[in-house]
Amino acid sequence: MNDRAAFTRMDQSTAADWQRIAGEFRHFSQSLPDRILAHLKLLDGDYDGFPIDRYSHCLQTATLALRDGRDEQYVVCALLHDIGDTLGCYNHPDIAAAILKPFVSEANHWMVQNHGIFQGYNFFHHLGMDRDMRDMFKGHEHYARTEEFIALYDNPAFDPQRETLPITEFEPMLRRVFAEPQQSVYKAALESSLGSA
C-alpha cells in the first residue's frame, strides 16, 4: 500500500499513475464496511431528545425488517437509513442514500432517499409543516414501498422495550451488500484494472 502517483495536477496524470491508484483502491474499497460500521457507531448515545438513541433506532428498524423476512439489502437499508444524522442535520436521508446508491436497487435507494419526507407524515404537523408533503410523490412507483417502510419499520422503532438485535447480527449482511457495487460510473474501469493487477 501507499504506492503513490507522481502528478501534481490531475490533467498531467498518466495511465501508470492510475494503475497505482486503482491498485490502492482495492485495499481502500475493501475496508468500506469497517468505515460504515464505525460511522454508524457515532450515533450510539446520541439521544437529541428522542426516547432511544439514534444507534438503537437504526438497530431496531433493521431488527423489525429482519424479523419480517425482508431480504439482506432491504435490512441493510433499514440499518443505515439514519446514518447521515451526524453530518446531514438538515438532509440526513441524502447522506444515507449517497452511501447506499452504488450497492442497492433503485427501489431501495429511492426509499432511503425519501424516507424523511414520508416519516414527516407522523410529526411535521407538530412543527407547523405539511404532514402530507409526501403526497408530492403520489403516483411514483416506489411510493407504497416507502410508505410501508415508515409504517412497519421506521415509525415504530423508538421503543426502549422493543427487541433490538446487536450490530453483530447485521454486520455479515452489511459486508455482503457492500462487497461489490451494482452500479457506479467507475465499476467497469476498476474491475478491469483490478482484474489485471
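Could you check the stretch 87-102 and list, in sequence order, the residues that are within 21 Å of Tyr55 (Cβ to Cβ), open to solvent by less than 50 Å² (accessible area, probe 1.4 Å) and assigned to a helix (DSSP H, G or I)? Answer for the stretch 87-102, where residues must be within 21 Å of Tyr55 (Cβ to Cβ), open to solvent by less than 50 Å² (accessible area, probe 1.4 Å) and assigned to a helix (DSSP H, G or I): His92, Pro93, Ala96, Ala97, Leu100. Pairing each residue of the stretch 165-176 that is among the hydrophobic types (A, V, I, L, M, F, W, C) with any residue that is at pLDDT 95 or above and open to solvent by 50 Å² or more (accessible area, probe 1.4 Å), provided the two are 6+ apart or on different chains, yields C-beta distances under 7 Å for Met173/Glu72. Scanning the stretch 110-144 for residues that are loosely packed, with under 15 Cβ neighbours inside 10 Å and part of a helix (DSSP H, G or I) yields Asn122, His125, His126, Leu127, Met133, Asp135, Met136, Ala144.
Scanning the stretch 30-43 for residues that are open to solvent by 30 Å² or more (accessible area, probe 1.4 Å) and either β-branched (Val, Ile, Thr) or out of contact with any helix residue (DSSP H, G or I) (no Cβ under 8 Å at 6 or more places or on another chain) (or both) yields a total of 6. Looking across the stretch 135-155, the residues that are closer than 22 Å to Cys58 by Cα and in contact with a helix residue (DSSP H, G or I) (Cβ under 7 Å, 6 or more places away or on another chain) come down to His142, Tyr143, Arg145, Thr146, Glu147, Phe149, Ile150, Leu152, Tyr153, Asp154, Asn155. Consider the stretch 145-161 and keep the residues that are outside any loop (DSSP other than H, G, I, E, B) and acidic (Asp, Glu). The one that is nearest to the chain's Cα centre (by Cα) is Asp154.
When His126 is tested against (1) free of Cβ contacts under 8 Å to residues at least 24 places away in the same chain; (2) touching a helix residue (DSSP H, G or I) at 6+ places or on another chain (Cβ under 7 Å), just one condition goes unmet, and that condition is (2).
All of Asp17, Asp46 fail the test of being touching a helix residue (DSSP H, G or I) at 6+ places or on another chain (Cβ under 6 Å) and more than 13 Å from Asp154 (Cα to Cα), apart from Asp46. Which of (1) at negative phi; (2) modelled with pLDDT of 90 or more; (3) out of contact with any Phe, Trp or Tyr (no Cβ under 8 Å at 6 or more places or on another chain); (4) among the small types (Gly, Ala, Ser) is the odd one out, the single condition Gly49 does not satisfy? Unmet condition: (1). Within the stretch 1-52, which residues are in contact (Cβ under 8 Å) with a residue 60 or more places away in the chain and part of a loop (DSSP other than H, G, I, E, B)? Hits for the stretch 1-52 are Phe50, Pro51, Ile52. Looking across the stretch 13-45, just one residue is among the acidic types (Asp, Glu), farther than 26 Å from Ile83 by Cα and modelled with pLDDT of 90 or more, and that is Asp17. Number of residues in the stretch 162-179 that are farther than 17 Å from Asn108 by Cβ, in a helix (DSSP H, G or I) and of a type in the set (A, V, I, L, M, F, W, C): the value is 1.
The values are calculated or read from the model by the stated rules, or taken from the named source; none is laboratory data. Small disclaimer: the values here were computed from a predicted structure and weren't measured. Note that each Cβ is placed from the backbone with ideal geometry, even for glycine, and that neighbours are counted across all protein chains shown. Side chains included, ligands, DNA and RNA excluded: accessible areas come from the protein's heavy atoms. Shrake-Rupley method; radii C 1.70, N 1.55, O 1.52, S 1.80 Å.
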